[in-house]
Structures are given as structure tokens and as C-alpha cells.
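**Student:** Pasting a structure below so you can have a look.
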């Protein structure tokens with residue numbers, strides 16, 4: 001990429017990131033969060049965020065020496081109280097479902113642990129073994145040649 005292309009690609013990634021997260025970030029925060037996934041340079045991140053702010057795609061506020069960037073809230077639709085209550089109800093229902101599934105998993109895990117070891121008949125016929133204890137092979141079976 002040329003420097004201009006790198007800043008444009010960086011700006012596209014940052015805009016998508018800020019819109020997805022919808023919370024304020026400093027340039028350093030965005031750099032740290034996206035650098036691992038996309039290998040962005042800090043200078044490119046700072047330039048891209050300043051460019052996005054100049055274009056009006058994101059908002060910028062200065063607190064002392066630090067600049068904070070966030071998604072332009074006018075692009076998101078307003079949510080009324082009825083919608084919020086419906087979302088809260090849906091969240092509660094999903095949380096109850098998660099708790100139910102988690103409890104079922106715990107019960108299944110407890111059932112598996114109660115069964116003891118899940119051993120498959122790995123020994124040829126004529127061999128006896130005591131559960132999953134490899135030392136549980138009878139003495140006469142240990143005397144077999146090759147053992």
C-alpha cells in the first residue's frame with residue numbers, strides 16, 4: 001500500500017470498529033485493539049482517526065491533551081421506552097435459557113463423573129481389567145510372554 005491507501009484502509013477499519021463498539025476511544029486504545037488483528041501502525045491510526053473526524057464520519061472531543069473519538073450518534077436510530085422494555089424482556093428470557101442450559105450441562109457432567117471412567121474394551125478377550133486402573137490386570141495375565 002501507499003501511505004494514502006494505508007490510511008484509507010485504516011480509516012475504513014476504524015470506522016467499522018467505532019460503529020460496532022459504539023463507545024469512546026482514544027487513538028492509543030484503537031491502535032492497541034486493532035493492531036493485533038490487522039497490524040496497523042500507530043501513525044496510520046492517528047491520521048485515519050483525524051481524517052474521519054474532519055470528514056464528519058466520527059466525532060472528536062479534546063480532554064486536556066488527549067483526544068477522544070466516538071461514532072457519530074446521529075447515524076443510529078432513536079430507541080423509545082417500549083423498545084427498551086422489549087429488549088430487556090428478551091435479555092431476561094435469554095439469560096434464563098442460558099441458566100437452564102448451563103444447569104443441564106452441570107447435571108450431565110455430574111452424571112458422567114458418577115459413571116466413573118469411560119473405558120472402552122481395549123483388552124483382547126480373556127483379559128480382565130479392574131475399571132480404568134491399568135494396574136488392575138490380573139497376575140496371571142501379566143505372566144503372558146511379551147508382557
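The values are calculated or read from the model by the stated rules, or taken from the named source; none is laboratory data. Note that this is a predicted model, so its numbers are computed, not measured. Note that we place each Cβ from the backbone using ideal geometry, even for glycine, and neighbour counts take in every protein chain shown.
**Student:** Can you name the residue in region 1-17 that is without any contact (Cβ under 8 Å) to a residue 24 or more places away in the chain and under 20 Å from the mean Cα position of the chain (by Cα) and, of all such residues, is surrounded by the fewest Cβ atoms within 10 Å (Cβ to Cβ)?
**Tutor:** Only one residue tops the list, namely 16.
**Student:** If residue 68 meets every condition in (1) modelled with pLDDT of 90 or more; (2) touching a helix residue (DSSP H, G or I) at 6+ places or on another chain (Cβ under 8 Å); (3) not in a helix (DSSP H, G or I) apart from one, which number is that one?
**Tutor:** Every condition holds for residue 68 apart from (2).
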